[in-house]
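This report concerns only the one structure given below.
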Amino acid sequence: MLITVQNNGWGISTAFEGQHGETHVADRGKAFNMRTAVINGNDPIETYIRLQEELAYIRKTGKPVLMEAKVSRLYGHSSASGASFIPEEDGLKIFSEKLLKHDLISEEEIKNIYDKYEAEGVAAQEQARGEPVPQPEDIWKHVYVNNENADWRKF
């Protein structure tokens, strides 16, 4: 099992350093004797390589890995911090520029990719907003594979 944590350095409006005693969130896995990894989640090449390494370890050993991806926080995400743009490293922009520099992609192809996934995101939001509101009895649904009963009170 690969457990991932995307760490943008913030918890709502408080910096990571003000909320955590550990150096990395992934350090929490060490208490459970888990292998841990910290990666630059803004770098798609590093991310790909490190994911391959950790997945190979998981497949070989059957043991879990807790992987923390350090990522940028390009926008605030609450009323406490606002939703304005934050001038941090934009991994997609940097990677796009690298691909352009090496003539591996065109500006038009980049625009088409962005447009495609923007439309996919909008469609997913619309689908989610159109779904029925969950009912209290739904809490135990879709928790285990094959709809195995997850309600501990019925074991």
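For region 21-43, residues that are surrounded by 15 or more Cβ atoms within 10 Å (Cβ to Cβ) and either under 15 Å from the mean Cα position of the chain (by Cα) or not small (Gly, Ala, Ser) (or both) total 15.
Report yes if ILE49 is under 19 Å from LEU92 (Cα atoms), modelled with pLDDT of 95 or more and in contact with a helix residue (DSSP H, G or I) (Cβ under 8 Å, 6 or more places away or on another chain), otherwise no. No.
Based on what the data block shows, is THR47 crowded, with 17+ Cβ neighbours inside 10 Å, polar (S, T, N, Q) and under 23 Å from SER96 (Cα atoms)? The answer is yes for THR47. When we screen LEU100, LEU55 for residues that are in a helix (DSSP H, G or I), at pLDDT 95 or above, more than 19 Å from the chain's Cα centre (by Cα) and surrounded by 12 or more Cβ atoms within 10 Å (Cβ to Cβ), the only hit is LEU100.
The values are calculated or read from the model by the stated rules, or taken from the named source; none is laboratory data. Note that the structure is predicted; figures quoted are calculated from it, not measured. So basically every Cβ, Gly included, is an ideal-geometry build from the backbone, and we count neighbours across all protein chains shown.
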